[in-house]
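Let me begin by presenting the structure, written as structure tokens, before commenting on it.
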Amino acid sequence: MEEVQEAGVDVLTDYNVTLQHNKVIIVDRRILITGSHNFTSASETHAENMLVIEDPSKVAAYVAKWERRARASRPYRIQAARKPNDKR
């Protein structure tokens, strides 16, 4: 996340939940990309799936959920997220 923040992207996280495992990309509130696909090199060796959805009602439902999560979130803190032995 540090690299993403350094690139100027605002990163939010919900510190009220213990596990966040959502994999959702919303493009211009018109296209939804979701599924088990990991956007890392792990996807090269794992069986993954991805859905690209352009149905306005389904995209709107995901946008509404994302907005709820964003309201419940705070800016991601790099220091708080690091493990104690992480020297970065």
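The values are calculated or read from the model by the stated rules, or taken from the named source; none is laboratory data. Quantities reported herein were computed from a predicted structural model and do not represent experimental measurements. In this analysis, Cβ positions are derived from the backbone assuming ideal geometry, glycine residues included, and neighbour counts consider all displayed protein chains.
List of remarks:
- Scan of region 1-14 for residues that are in a loop (DSSP other than H, G, I, E, B) and either within 20 Å of Y62 (Cα to Cα) or not aliphatic (A, V, I, L, M) (or both), ordered by number: G8, D10, V11, D14
- Residue within region 53-64 that is of a type outside the set (D, E), within 28 Å of I78 (Cα to Cα) and either modelled with pLDDT under 85 or in a loop (DSSP other than H, G, I, E, B) (or both) present: no
- Every residue from region 16-35 that is of a type outside the set (A, V, I, L, M, F, W, C) and in contact with a helix residue (DSSP H, G or I) (Cβ under 9 Å, 6 or more places away or on another chain): Q20, N22, R29, R30, T34
- Residues that are outside any strand (DSSP E or B), under 11 Å from the mean Cα position of the chain (by Cα) and surrounded by 13 or more Cβ atoms within 10 Å (Cβ to Cβ), drawn from region 15-37: K23
- Beta carbons closer than 8 Å, at least 6 apart along the sequence or on distinct chains, pair a first residue in region 1-29 that is aromatic (F, W, Y) with a second that is not in a strand (DSSP E or B) for Y15/S73.
- When region 61-80 is filtered for residues that are among the hydrophobic types (A, V, I, L, M, F, W, C) and closer than 13 Å to V24 by Cα, the ones remaining, listed by number, are A61, V63, A64, W66.
- Checking each residue in region 50-79 for being over 25 Å from D14 (Cβ atoms) and either hydrophobic (A, V, I, L, M, F, W, C) or in contact with a Gly (Cβ under 7 Å, 6 or more places away or on another chain) (or both) picks out only V52.
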